[in-house]
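Read the structure below first, then the notes.
The values are calculated or read from the model by the stated rules, or taken from the named source; none is laboratory data. If you're wondering where the values come from, they're calculated on a predicted model, not measured in any experiment. Backbone-built Cβ (ideal geometry, glycine too); neighbour counts: all protein chains shown. Only protein heavy atoms, including side chains, enter the accessible area calculation; ligands, DNA and RNA are left aside. Shrake-Rupley method; radii C 1.70, N 1.55, O 1.52, S 1.80 Å.
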Amino acid sequence: MKMRNISKLLLILLLGMLASPFSGFSQDATVRGFVYEEESGEPAMFSNVVLKGTTFGASTDVNGYFLISKVKPGSYTLQVTYLGFDTINVPVLLEGNKILDKKIFIEKSSVQLETVTISGERIAARTETRTSVVKITPKEIKSIPSIGGQADIAQYLQVIPGVVFTGDQGGQFYIRGGSPIQNKVMLDGMMIYNPFHSIGLFSVFETELIRTADIYTGGFNAEHGGRISSVMDITTKDGNKKRFAGSVSASTFGAKAVLEVPIVKQTAPDKGSSTLILSVKNSYLEQSSKIFYDYIDDDGLPFNFMDVYGKISINAANGSKVSLFGFNFTDNVNNYKSISDFGWKSYGGGANFVVIPGKSPVLLEGRFAYSVYDSKINSTTLSDRSSSIGGFNGGLDFTYFIGKDVFKYGIEVEGYKTEYQLTNFVGSKIEQIENTTQLGIYFKYKSILGKFIIEPGLRLQWYASLAEISPEPRLAVKYNATKNLRFKLAAGMYSQNLISASSDRDVVNLFSGFLSGPTNLPSTFNGKEVSSKLQKASHLILGTEIDLTPTLSLNLEGYYKYFPQLTNINRFKIYDESNKPPAGASDVETKDFIIEKGQAYGVDMVVKYDYKRLYFWFVYSLGYVERQYEDKNGRLHTYNPHFDRRHNVNVILSYIAGEKKQWEFSARWNFGTGFPFTQVQGFYEHLTFPGGINADYINENGQLGVIYDDIFKGRLPTYHRLDIDIKKNFFLAAHTKLVTNISITNVYDRKNIFYVDLVTSEIVYQLPFMPSLGISLYF
């Protein structure tokens with residue numbers, strides 16, 4: 001398809017999308033609005049809103065928004081239920097061809113009910129497809145042991161089914177066979193290129209400011225694109241609209257402060273407001289480890305970071321709002337293992353908005369942001385490298401409510417520049433600079449047909465710099481067999497342009513670089529012509545949800561991800577194309593990148609028990625990851641990458657004790673089978689012949705050469721660790737409490753191997769027995 005025709009097609013689709021939300025609707029009545037918590041003014045997410053005595057209802061979204069349409073005119077009672085809050089009943093008069101707007105504030109229940117109340121999560125499970133998605137709030141993050149006295153989403157991600165974490169120091173997250181570059185991370189609609197610090201226990205996100213985090217481990221629908229494995233979509237709070245609030249914390253790992261400031265307080269439901277949130281957190285582990293943890297390393301743990309995030313939200317009386325936000329994240333590792341200095345910084349800002357049109361049952365959301373990520377590593381054993389990626393992303397989303405059905409569509413545009421510099425072992429500088437633009441248009445329709453919830457979608461992803469358009473159909477289906485038994489399916493096709501500047505074969509790599517628009521690819525792979533420069537994947541997920549009791553649930557999912565084309569750094573390259581390689585040299589010997597294909601498949605099981613003060617979670621994952629590459633003779637070789645973990649088990653137990661619920665106990669035990677690694681068969685002196693045929697090879701000092709066994713044929717020993725955490729809450733006033741925390745990482749001091757230096761045979765272990773103390777003041 002010619003570029004001009006593609007542009008015309010996308011323009012027509014865009015104009016149609018912008019025009020359709022404001023078309024007319026039938027003579028039926030509509031009620032819409034927002035549900036907020038009375039104490040803070042924050043949205044009451046996933047609360048249940050129904051017209052009492054009818055089958056019409058809806059759940060509020062992340063903004064607290066709901067809409068009930070296609071209702072016959074008349075008098076009704078609008079009922080709002082939310083776990084832990086008083087039930088609200090509001091009389092409403094609905095008129096034909098009119099929209100009634102309501103803002104509802106709910107108060108925390110003063111009576112602790114002993115009966116079981118159906119949670120918003122259970123309600124959403126029956127009304128949403130929700131295949132391979134985990135919704136996280138700060139409550140869940142704090143329910144597991146917090147390492148270093150600081151609860152963090154990076155620690156919680158390790159217990160999500162299908163997620164593999166490769167190490168505490170320089171480790172990475174791999175989600176159902178997808179590498180970090182294949183995982184899309186969004187913060188308030190803004191692209192975050194590296195969400196985790198070099199010490200993998202902490203992310204750049206402040207837990208106290210997270211409103212919700214949606215983790216899609218596969219099969220995500222058409223609103224998300226540009227990545228082939230998973231999506232992490234994080235939304236922050238607007239802040240307390242009623243009073244000044246916040247917290248300050250300190251521990252043996254670091255310190256942080258959070259502020260929520262009502263610039264213009266909300267004085268009545270029909271009034272607007274504006275708020276400010278600000279968070280600052282840092283690590284002083286490099287200094288404190290020399291005092292508290294000198295038994296781990298005499299030189300301390302050289303991990304330093306500082307994260308700053310701020311947001312101003314302006315809320316209109318009808319619920320529309322606009323937010324302006326900005327961030328600055330930094331990370332530095334000084335003299336890691338006496339061989340390298342590494343650091344990165346990331347900064348950016350943007351805006352998002354929610355608009356409620358006056359006479360149309362549509363929700364309009366938009367965002368525009370700019371962000372930059374720069375990283376650099378200086379090493380005595382590896383080549384010096386630097387990488388930079390910076391650019392903008394923006395989009396518009398329209399959600400149109402048609403009775404119980406929902407039609408959502410939108411447009412997303414991204415543009416970024418990547419720069420990569422590498423100094424090789426002979427001192428030559430290699431540099432790549434690329435500019436990339438991509439446009440995505442999507443459509444998604446959710447329909448409830450009896451016991452079925454069907455959600456087909458389509459995304460058209462246009463990669464302008466590569467002159468490629470990728471049609472990507474998506475589908476999600478749920479069947480509510482009974483009130484307590486549900487079956488689900490999700491499938492889709494995905495593509496991405498961005499690739500990693502490090503190889504998927506690197507076991508330990510603090511450096512995270514980015515490349516885009518690779519053109520130096522082999523012309524054929526597996527005997528077929530390479531017609532696309534994109535990385536691609538197809539997902540299929542089947543599962544079931546069973547509510548065994550009102551407090552006990554089982555979720556079981558089987559998944560298959562097929563990667564027909566992956567791009568990787570070519571470690572087999574021996575000739576430079578610009579210097580006329582010898583006749584007969586293959587693409588594998590001359591190209592900068594190689595093409596691979598692969599698959600990931602497995603089964604994830606989650607058992608949850610949540611009743612009163614006791615929370616129990618059992619997670620088991622069985623996973624297989626395989627990759628295939630082509631050698632210079634065209635033969636395919638199969639290997640398991642270093643993040644292929646066969647069995648992974650997590651057991652989490654949390655209990656709240658005391659008359660005032662002042663004591664909190666939590667424990668987590670993790671077991672995982674060993675990761676693959678490449679064994680060494682021997683060493684030799686490698687002569688480089690710097691003078692060509694005139695080189696004095698007799699007197700030349702050679703380099704240490706390593707003879708490797710087949711890639712990743714060995715396996716490290718199994719991994720297991722127990723962490724515990726104890727908190728004591730001191731309630732000082734109505735809105736003030738002091739929390740003390742003691743946690744122990746690796747209680748029984750298991751010596752878990754991170755990696756083995758193949759040259760020196762030095763074993764580098766993961767964190768040993770490591771107690772930590774923390775104190776927090778909330779006000």
*For residues in segment 439-474 being under 30 Å from T549 (Cα atoms) and in contact with a strand residue (DSSP E or B) (Cβ under 6 Å, 6 or more places away or on another chain), which is most open to solvent (accessible area, probe 1.4 Å)?*
K451
*Check whether at least one residue in segment 757-764 is within 23 Å of A667 (Cβ to Cβ) and not aliphatic (A, V, I, L, M), and report yes or no.*
no
*How about segment 157-178: which of its residues are touching a Pro at 6+ places or on another chain (Cβ under 8 Å) and of a type outside the set (F, W, Y)?*
Q172
_Residue pairs meeting the criteria (Cβ under 9 Å; at least 6 apart or on separate chains; first aromatic (F, W, Y), in segment 749-774; second in a strand (DSSP E or B) and open to solvent by 50 Å² or more (accessible area, probe 1.4 Å))_ = F754/I763; F754/Y765; Y755/F677; Y755/I763
*Could you tell me which residue of segment 408-421 is nearest to the chain's Cα centre (by Cα), considering only residues that are under 16 Å from D592 (Cβ atoms) and open to solvent by 40 Å² or more (accessible area, probe 1.4 Å)?*
E419
*Return yes when T436 is out of contact with any Asp or Glu (no Cβ under 6 Å at 6 or more places or on another chain), hydroxyl-bearing (S, T, Y) and free of Cβ contacts under 8 Å to residues at least 24 places away in the same chain and no when it is not.*
no
_Given (1) more than 24 Å from N741 (Cβ to Cβ); (2) touching a Pro at 6+ places or on another chain (Cβ under 9 Å); (3) hydrophobic (A, V, I, L, M, F, W, C), identify the lone condition not met by L209._
(1)
*asked:* List the strands (runs of 3 or more DSSP E) inside segment 740-779, counting only whole elements, that have at least 1 residues being out of contact with any helix residue (DSSP H, G or I) (no Cβ under 8 Å at 6 or more places or on another chain) and closer than 20 Å to D709 by Cβ.
replied: 753-756, 763-765
*Name the residues in segment 152-172 that are over 16 Å from R721 (Cβ atoms), modelled with pLDDT under 90 and open to solvent by less than 10 Å² (accessible area, probe 1.4 Å), would you?*
G170
*Inspect all residues belonging to segment 83-97 and state whether any of them is touching a residue at least 60 places away in the same chain (Cβ under 8 Å), assigned to a strand (DSSP E or B) and more than 15 Å from A44 (Cβ to Cβ).*
yes
_Condition first: modelled with pLDDT under 90, among the aromatic types (F, W, Y) and open to solvent by 60 Å² or more (accessible area, probe 1.4 Å). Now tell me which residues in segment 751-779 satisfy that._
Y765
*Please work out which residue is least open to solvent (accessible area, probe 1.4 Å), limiting yourself to segment 173-195 and to residues that are within 23 Å of F754 (Cα to Cα) and of a type in the set (S, T, Y).*
S179
*asked:* What are the pairs with Cβ atoms under 6 angstrom where one residue, in segment 253-269, is open to solvent by 70 Å² or more (accessible area, probe 1.4 Å) and the other, located anywhere, is among the β-branched types (V, I, T)? Sequence gap at least six, or different chains.
replied: none
*Of all residues in segment 704-748, how many are within 29 Å of T252 (Cβ to Cβ), of a type in the set (F, W, Y) and open to solvent by less than 50 Å² (accessible area, probe 1.4 Å)?*
1
_Criterion violated by S516 - all others in (1) touching a strand residue (DSSP E or B) at 6+ places or on another chain (Cβ under 8 Å); (2) more than 30 Å from F342 (Cα to Cα); (3) of a type in the set (G, A, S) satisfied_ = (2)
